[in-house]
Amino acid sequence: MAAQSTKPLILVTGASGFLGSYVVYEALEAGYRVRGTARTKKVDLVKKGYAKYNDQFEVAAIDDIVNSDFTEALKDVEAVIHVASPLAGSVDAEKILDGAINGALNVLRQAEKVGIKKFVVTSSVAAITSLTDPRLASDYEYTEKDWSPATKEDALKPDAGDMIIYAASKALSEKAVWDFVKEHPHVDVTTILPPFIFGPFAPGFLIPEKNLSSLSTNGYVYALLNGSIPPNIGVGSVDIRDAARLHVAALTPKGPTGSQEQKRVLVPRQVIDWKTVAEYVAEKRPELKDRLPSTKDVANLSGSFAQVDSRRAKESLGYKSFIPWQETILAAIEDLVRLEKQWASTE
């Protein structure tokens, strides 16, 4: 357990989620006192997951990120890390857009009103690009000036895919955040833009019963473990531990942060080639080989791959190196196998 600290109390929204739970864990380990938000039905589970931190951690029930009153949740809080946002495919497009855009604004407005000035907001690489963006398959370097071409109109089309809806929700919600900053220049906001997130679950993240939706993006790895080659994710990947640590590091930047209007932290993307991943797992975990898909007729990814300008992560937040995908995937695999055994023992 982390030692007691004089670091302030922070609020982390979405504490029951894949990323939110890891942000909570990293903040606690860094010595912060943390209040997480979760839906009422998940409060007890979140409390159980972080019980060892005693009074250093507490949970506030927030059932509707768009409309809920945060008065109690924000009491004595000095900074907010806003992670909560609907996942692609979880609800219809209107609700995803509403939850992402107005959820972020509800948190910011209420927090600013009670005098909170420091915010870290989870955005996504989907806010600067999309899977249909031709620049992904080039030597283009994305910067904080880039925005996804996905629009609200694109997201609301009857045939809109989940990733188009998600890209629009992340771009529009982040733009709404920066519009809020323009209207309230005294607030200090940093947005974090990770690609697909994989890796181990936070030590306090509990899934006591089989629920595949709780696996979040690790569901892609679980599909691989169950014999399927997942779809290409051209926007790249990052380890959840790196993504979470960047959120916490943004609370106390180590170097110049640059323009307040564009304080966006782009996270380096590692290309995931699922054929290479499957063959790597088979080599390193031969006991799982029979569960993995055949790669005989699967082509390796080829061609150019765009990168992102990650100087702010490295210079402002002091983040010099990122966990390689090989370590990320094996850690995810080990946790998924552990969960399977746990689920089997409760059936």
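The values are calculated or read from the model by the stated rules, or taken from the named source; none is laboratory data. Just so it is clear, the structure is predicted and the values come from calculations on it, not from any experiment. Here the Cβ is made from the backbone with ideal geometry for all residues, glycine too, and neighbour counts use every protein chain on show.
Mind counting the residues in segment 290-319 that are surrounded by 12 or more Cβ atoms within 10 Å (Cβ to Cβ) and charged (D, E, K, R)?
Count: 6.
Within this structure, GLY36 fails the test of being more than 16 Å from VAL107 (Cβ to Cβ), modelled with pLDDT of 95 or more and not in a helix (DSSP H, G or I). Against the condition in contact (Cβ under 8 Å) with a residue 40 or more places away in the chain, in a loop (DSSP other than H, G, I, E, B) and of a type in the set (S, T, N, Q), how does SER21 come out, does it pass? Against the criterion (in contact (Cβ under 8 Å) with a residue 40 or more places away in the chain, in a loop (DSSP other than H, G, I, E, B) and of a type in the set (S, T, N, Q)), SER21 does not qualify. If the condition is being at pLDDT below 95, buried (at least 16 other Cβ atoms within 10 Å of the Cβ) and of a type in the set (S, T, N, Q), then segment 174-216 contributes SER214, SER216.
Selection over segment 223-241 of residues that are touching a Pro at 6+ places or on another chain (Cβ under 9 Å), assigned to a helix (DSSP H, G or I) and hydrophobic (A, V, I, L, M, F, W, C) gives a count of 3. Within segment 42-69, residues that are free of Cβ contacts under 8 Å to residues at least 60 places away in the same chain and under 21 Å from ASN211 (Cα atoms) sit with their Cβ atoms under 9 Å from residues that are of a type outside the set (Val, Ile, Thr) and in a loop (DSSP other than H, G, I, E, B), at 6+ positions apart or across chains, in these pairs: LYS42/ALA15; LYS42/SER16; VAL43/SER16; ASP63/ARG39. The condition of being modelled with pLDDT of 95 or more and either part of a helix (DSSP H, G or I) or out of contact with any helix residue (DSSP H, G or I) (no Cβ under 8 Å at 6 or more places or on another chain) (or both) holds for GLU283.
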